[in-house]
Amino acid sequence: MTSDLRNDVVPKRLGNAALAGLPDAVERPTYDREAVSPGIVHIGLGAFCRAHAMVYTDDVLQAGATDWGIVGVCLMSPAMRDALKPQDGLYTLLSRDNDTDVLRIIGSVLDVMVTAEQKSEVFELLCRPEIRIVTLTVTEKGYCLDGATGGLDETHPAIVADLANPTDPQSVPGFLTEALRLRRAAGQAPFTVLVCDNLAQNGIKVRNAVTRFASLRDEELGQFISQNVAFPCTMVDRITPATQDADRQKVANGLGIVDAWPVVTEPFRQWVVEDHFPLGRPDWERAGAIMAEDVLPYELMKLRCLNGSHSTLAYLSVIAGIEAIADAMMDKDLPKVIRRLWDEDLIRTLPPVPGTDVVAYTHDLEARFRNTGVRHLTLQISWDGSQKLPPRLLEAAVELYSSGRDPKVIPLTVAAWMRFLSGRNELGLDYVVTDPHAARLTSIAKDAGADAVKLANTLFDIREIFGDVLPANAHFRAEVTKHLSSLMSRGVRKTLRAFLGEAEA
Ligand code: CS2
């Protein structure tokens, strides 16, 4: 007896061949992926972009576009390539609203490459005329900026190394410069650079950094980039924690097959993009993106209200031993602290945001933070505080002071970050301080020991974080130091009770 072997081959792993057999409830691409050609190269293929830009682009492909597929590029680690390539680039987006799950397969990633292993292939791809946009999510620190000035940090080791060896770049400014140089030499008009990280005026900042790097390398190349390359600004928003093994299991249960690297996210998503794409762009507004002339009001609202309150919750929670944002929102005091941060500090620093009621936006944020389906770890949000505090909160503090007002909650957040640098929570458990300046920051915390004044004073001297204005402000220094002393001697709960003017329970 012969058996039809083909019928016995049931895919066990996500991939093109598995799409047809997925449970009906799973949304999936119904367009012909074979007919889609790449138009975008994405640098930094982490969870965030896979919950965001790739989804908007998948919607556009689903609506019929065929020339805006994405090639994902990982700069160093092959892990994402090794997960997605055997899956034909497909992965699952699990969007969770408390107990309600929606599974969707995203098809916009056509291929994945690793620069560390395939440098010449990646540059060759970036010189092809059909690649018209390079999108990036490399986190704030990836751009090698000086936190205080927002300009290129010319002393950054990766920048120093790239200036010495510019054709083998390690840094993002070095990489973009080399790609743009090669593309120009190949006779192609430059691609548009779309920075999708949480920095105010992200396009302008990265444009300045890349132009500066290029000028240091070759004055004429710097001028070429400055005059010919578009770096639109954009505000990106979707809460997307790092994928946990439990998420992989949940997705496997829902699909009936394995996805090596799914993404878990919230239902909400928002994308505001400055509409400046000389070589064209996908019809992202079909997928709900807002194409705007001026993105700054949206960026400031999101960076300050969402990310600023995230950081506030994160540092206070890590110290208190609260693991996830949704848990922090169950605390009796923490939601009141961020409400005051919004109402007393941040909202008044914002320009009008078109079509948006900012107060309502903060109430929506509370609901998003309360989503128990998305386990967003406070320790993850604590990463890279030296890069995150300036754009999220310190710039707002400077603006408040210059308009004659005193920030009320921002000094408490800064104090919580300072206390966090000890690496030990109030339950006596150690955690890792992750930051590009971690070695310096944790050694400052160690040297200061229980001396809050010494700790605050030494940290205020770090110009790359605090700049010049805030450390020169006696009120700011006194407020931060007062809260830090309280956090160090009395702990989070008593500090918050006193801060909120409520009796200790
Ligand atoms: C978070 C952001 O990790 C963090 O610092 O504040 O990743 C945040 O979840 C996203 O910006 C939401 O759009």
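Structural remarks
- Cα centroid separation, the stretch 41-102 to the stretch 370-445 (Å): 30
- Here the contact order of the stretch 296-504, divided by its residue count and restricted to Cα pairs under 8 Å and six or more residues apart, works out to 26 percent.
- Base-10 log of normalised Debye intensity for the chain (one unit scatterer per alpha-carbon) at q = 0.06 Å⁻¹: -0.29
- Sequence-separation-based contact order of the chain, relative, with Cα cut under 8 Å and 6+ spacing, percent: 14
- Rounded to the nearest 10 degrees, the angle from helix 410-420 to the longest Cα principal axis of the chain is 80 degrees.
- For the stretch 232-289 and the stretch 321-337, distance of Cα centres in Å: 26
- Length released on extending from Asn98 to Glu117, taking residue separation times 0.36 nm less the Cα-Cα span: 2.8 nm
- The solvent-accessible area of Glu266, taken with every protein chain present and a 1.4 Å probe, is close to 10 Å².
- DSSP-defined beta bridges in the chain - what % are antiparallel, rounded to 5: 35
- Mean separation of Cα contacts under 8 Å, 6 or more apart, over the residue count of the stretch 324-420: relative contact order %: 43
- On Cα atoms only, tilt of 53-62 relative to the major axis of the chain in degrees: 30
- For Val251, net neighbour charge (Lys/Arg +1, Asp/Glu -1) across residues whose Cβ lies under 15 Å away: +4
- Per residue, the chain exposes 40 Å² of accessible surface when a 1.4 Å probe is rolled over the protein heavy atoms with every protein chain present.
- A Förster radius of 56 Å combined with the Cβ-Cβ distance from Arg286 to Asn457 puts the calculated FRET efficiency at roughly 0.55.
- Asp82-Arg370 FRET efficiency (beta carbon distance; Förster radius 56 Å; 0.05 resolution): 0.95
- Part-to-part distance (alpha-carbon centres) for the stretch 201-223 and the stretch 118-133, which is given in Å: 20
- The largest accessible area among His310, His363 belongs to the first residue in His363, His310, and the rest follow in falling order (1.4 Å probe, all chains).
- Distance in nm between pseudo-label sites at Asp384 and Thr442 (7 Å out along the Cβ direction from Cα): 1.9
- Between Val160 and Gln227, residue separation times 0.36 nm minus the direct Cα-Cα distance comes to 21.7 nm.
- For the chain, the carbon plus sulfur part of the accessible surface works out to 52%, probe radius 1.4 Å.
- Gain in span if fully extended, Tyr401 to His475, counting 0.36 nm per residue against the direct Cα distance: 25.7 nm
- Helix 219-228 and the longest principal axis of the C-alpha atoms of the chain enclose an angle of approximately 80°.
- Reachable lysines, given that their alpha-carbon falls under 24 Å from the alpha-carbon of Lys388 and they are not under 8 places away in the same chain: Lys141, Lys205, Lys302, Lys336, Lys408, Lys446, Lys454, Lys482
The values are calculated or read from the model by the stated rules, or taken from the named source; none is laboratory data. Note that this is a predicted model, so its numbers are computed, not measured. Cβ coordinates were reconstructed from backbone atoms using ideal geometry, including for glycine residues, and neighbour counts include every protein chain displayed. Heads up: the accessible areas ignore ligands, DNA and RNA and are worked out on the full protein's heavy atoms, side chains in. Shrake-Rupley method; radii C 1.70, N 1.55, O 1.52, S 1.80 Å.
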